[in-house]
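Visitor: I'd like to ask some things about the structure below.
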Amino acid sequence: MGAAGLQPAYAVGERASYRFPTPLTQCLADLRPRLIREVEDGEWLAHDPLRAERMRAGRVHSMMVVPLTARGVVLGMAGFYRSVTAAPFDDGDLTIAAELAAYTALGLDNARRYTREHTAALVLQNSLLPGRLPAQNAVEAAFSYLPGHAGGPWYDVIPLSGARTALVVGDVAGHGMRAVASMGRLRAAIHSLAALDLAPDEVLAHLGDLVLELAEEGYPALANDPLEVRPTTATCAYAVYDPVNRRLVTARAGHPAPLLVGPDGHVAPADAPCGPPLGVDGPSYETWETELPEGSLIALYTEGLVGGPQDGAQDARLRTVLAQRHPSVREACDAVIYAQLSGRTGENVVLLLARTRALHDDQLASWTFPSDPAIVATARTLAERQLASWGLSDLVFTTEMIVSELVTNAIRYAHGTIQVRLIRDRCLICEVTDGNSAAPHVRHPRTTDEGGRGLLLVARLSDRWGTRRTGRGKTIWTEQRLPASGAP
């Protein structure tokens with residue numbers, strides 16, 4: 001090592017090349033340290049006049065060259081130079097230098113491996129999260145996602161039947177690749193459960209069962225895991241907003257309560273009972289329901305936004321910022337992030353904001369009929385008139401067929417009144433509700449069969465269709481794409 005103030009033999013970032021053989025190239029060739037007791041005797045310096053001049057200026061008279069290797073990977077080489085002390089390096093010095101290089105190389109390799117794994121986890125995490133929110137009219141939504149350690153937070157806006165929308169924010173405990181993979185599995189599961197139109201508490205109950213099954217399924221594989229990974233747990237808040245009746249239904253599993261901001265700026269939590277985190281045994285989940293004025297703001301977030309459940313100052317600041325008037329949801333999202341995260345790093349943070357909209361009377365039509373075969377023609381006629389008033393005459397034929405089949409099925413298999421509802425949103429939604437809770441299924445009749453083609457016809461005429469349970473039975477719904485002239 002040179003004396004303080006001397007110019008180094010190699011400047012930081014400087015590239016150097018050597019002809020073979022030199023002590024440096026030989027060291028890299030066989031990965032064995034080299035001890036040069038008398039530098040001036042080395043003819044190899046003639047190939048690098050600049051380096052030789054710097055070493056002479058520093059009066060370097062002895063040097064050691066040691067490879068940096070770890071786990072079979074060559075990471076570089078370390079050089080030690082002596083200029084002040086008169087005695088040259090000896091074999092004892094070379095042994096110490098080799099041990100120091102081994103510890104250094106191991107630290108460098110660990111850092112390299114961590115960086116590679118962290119980068120891979122971040123890439124996987126970003127690929128599993130939605131890059132943009134889906135188109136829907138129930139809410140105006142925006143999100144902010146700030147990754148810290150690669151982990152398991154996620155967010156979703158999921159369009160549901162009947163023009164409703166589900167808002168989801170969750171967080172898998174832990175960091176690293178396993179947390180990211182668990183997040184991806186939970187997010188895929190929650191989309192499947194949302195497609196079944198289950199209530200929020202039922203969605204969380206099924207998710208909790210899934211997390212427990214995954215933990216039990218993976219336990220044998222983790223028994224000898226050097227990382228000693230604990231079973232996966234997660235928190236989640238799941239809310240469904242209906243723009244027809246402006247009602248919000250919420251359930252949560254160990255997650256912070258969503259905040260609701262009225263048009264007047266009043267902030268209150270969606271006080272759904274907090275069930276246990278997903279993957280933890282405990283009481284069943286419960287829902288909480290409220291009616292929201294049009295233009296209300298719904299805020300779902302992870303604990304990283306407020307620094308944890310005990311940070312009252314951060315929570316108060318969040319409410320203050322949300323209560324202010326912002327021109328758009330995107331600007332409100334940015335304002336919260338600037339206020340809450342100034343000077344704080346390293347936390348995974350998700351913020352999902354949604355400003356509610358409402359479907360008005362000119363977008364809805366609803367009729368209630370007795371269970372009588374004579375009303376099928378009446379339902380068709382009323383649907384035709386409604387479509388004509390909306391300028392959707394192109395959809396009259398298919399809608400009449402759908403209404404006829406669904407109302408006929410309701411009369412045949414259910415009891416009590418039948419409700420038919422048309423909704424003009426991003427698509428034309430047709431719903432038929434009856435008192436029978438049994439879900440129908442599409443049959444594939446043979447050419448000689450006389451029946452069984454009703455739902456098959458409905459499926460062919462519509463872009464999407466499905467069933468959801470209601471308090472009095474079920475609703476069968478269909479969606480048809482609007483012609484360009486009829487889009488709202």
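The values are calculated or read from the model by the stated rules, or taken from the named source; none is laboratory data. Nothing here was measured: the structure is a model prediction, and the numbers come from that model. Note that each Cβ is placed from the backbone with ideal geometry, even for glycine, and that neighbours are counted across all protein chains shown. All accessible areas refer to the heavy atoms of the entire protein, side chains included, with ligands and DNA or RNA removed. Shrake-Rupley method; radii C 1.70, N 1.55, O 1.52, S 1.80 Å.
Visitor: Please give the FRET efficiency for residue 110 paired with residue 280, using the beta carbon to beta carbon distance and R0 = 35 Å, rounded to the nearest 0.05.
Guide: Numbers: r = 33 Å, r/R0 = 0.95.
Working from the Cβ atoms, E equals 0.55.
Visitor: Next question, about the same structure. Just need the relative contact order of the chain here, percent rounded to a whole number, with Cα pairs under 8 Å and 6+ apart.
Guide: It rounds to 11 percent for the chain.
Visitor: Report the extension gain between residue 71 and residue 457 in nm, rounded to one decimal, defined as 0.36 nm multiplied by the number of residues separating them, less their alpha carbon distance. Intermediate values should be presented prior to the final figure.
Guide: Values: separation 386, 0.36 × 386 = 138.96 nm, distance 6.45 nm.
Taking residue 71 through residue 457 to full extension adds about 132.5 nm, to one decimal.
Visitor: Then there's this: Can you tell me the length gained on complete extension of the stretch residue 371 to residue 215, counting 0.36 nm per residue apart and subtracting the Cα distance? It would help to have the intermediate numbers written out before the result.
Guide: Working: separation 156, 0.36 × 156 = 56.16 nm, distance 4.95 nm.
Here the answer is 51.2 nm.
Visitor: Next up: Averaging sequence separations of C-alpha pairs under 8 Å and six or more residues apart, then dividing by the length of the range 345-444, give the relative contact order as a whole percent. Could you put the intermediate results ahead of the total?
Guide: Working: 106 pairs, mean separation 28.7, N = 100.
Once normalised by length, the contact order is 29 percent.
Visitor: Starting from the Kirkwood Rh over alpha-carbon pairs, what translational D in µm² s⁻¹ does the range 255-320 have by Stokes-Einstein at 10 °C and 1.306 mPa s? If you can, show how the numbers build up before the last one.
Guide: Details: Rh = 13.4 Å.
For these conditions, the coefficient is 119 µm²/s.
Visitor: Tell me, what % of the accessible area of the chain is carbon and sulfur with a 1.4 angstrom probe?
Guide: Working: 13040 of 24960 Å².
Solvent-exposed carbon and sulfur of the chain make up 52 percent of the total.
Visitor: What helices in the chain pass both tests, a Cα length along the helix axis of 20 Å or more and a mean Kyte hydropathy of -0.5 or higher, using whole DSSP H runs? Display every interim value, and only then the final one.
Guide: Numbers: long enough: 91-128 (55 Å, -0.05); 177-195 (28 Å, 0.64); 200-222 (32 Å, 0.31); 375-389 (21 Å, 0.35); 396-413 (25 Å, 0.71).
Span-like helices in the chain: 91-128, 177-195, 200-222, 375-389, 396-413.
Visitor: Could you work out the relative contact order of the range 147-186, using alpha carbon pairs under 8 angstrom and six or more residues apart, expressed as a whole percent?
Guide: 45 percent
Visitor: Further, regarding this structure: Which FRET efficiency, nearest 0.05, do residue 439 and residue 127 yield, Cβ-Cβ r, R0 35 Å?
Guide: In this case the efficiency is close to 0.55.
Visitor: Over the range 32-84, what per residue volume does the convex hull of the Cα atoms give, in whole Å³? Please list the in-between numbers first.
Guide: Details: hull volume 4.7 nm³, N = 53.
Value for the range 32-84: 89 Å³ per residue.
Visitor: If the chain between residue 57 and residue 271 were fully stretched, how many nm would it gain, using 0.36 nm times the residue separation less the Cα-Cα distance?
Guide: Values: separation 214, 0.36 × 214 = 77.04 nm, distance 7.56 nm.
Extra length available between residue 57 and residue 271 comes to 69.5 nm.
Visitor: How big is the C-alpha Rg of the chain next to the rule-of-thumb value 2.2 N^0.38 Å, as a ratio?
Guide: On the way: Rg = 34.0 Å, N = 488, 2.2 N^0.38 = 23.1 Å.
Relative to the rule-of-thumb radius for its length, the chain sits at 1.47.
Visitor: Shifting gears a bit: Rounded to the nearest 0.05, what FRET efficiency do residue 50 and residue 117 have when you use their Cβ-Cβ distance and R0 = 60 Å? Spell out each step's value before the answer.
Guide: Working: r = 39 Å, r/R0 = 0.66.
Result of the calculation: an efficiency of 0.95.
Visitor: Mind checking the per residue accessible area of the chain for me, 1.4 Å probe, whole number of Å²? Display every interim value, and only then the final one.
Guide: On the way: 24960 Å² over 488 residues.
Value returned for the chain: 51 Å² of accessible area per residue.
Visitor: Here's something else I'd like to know. For the chain, what does the helix formula give at 222 nm: sum of -39500 (n - 2.57) over DSSP H segments with n ≥ 4, over the residue count, nearest 500 deg cm²/dmol?
Guide: Numbers: 10 runs with 163 residues, N = 488.
Result for the chain: -11000 deg cm²/dmol, rounded to the nearest 500.
Visitor: Which whole-Hz ³J(HN,Hα) couplings does the range 269-278 yield from phi under the Karplus relation 6.51 cos²θ - 1.76 cosθ + 1.60, θ = phi - 60°, glycine and proline marked x?
Guide: The phi angles translate into x, 6, 7, 5, x, 8, x, x, x, 5 Hz.
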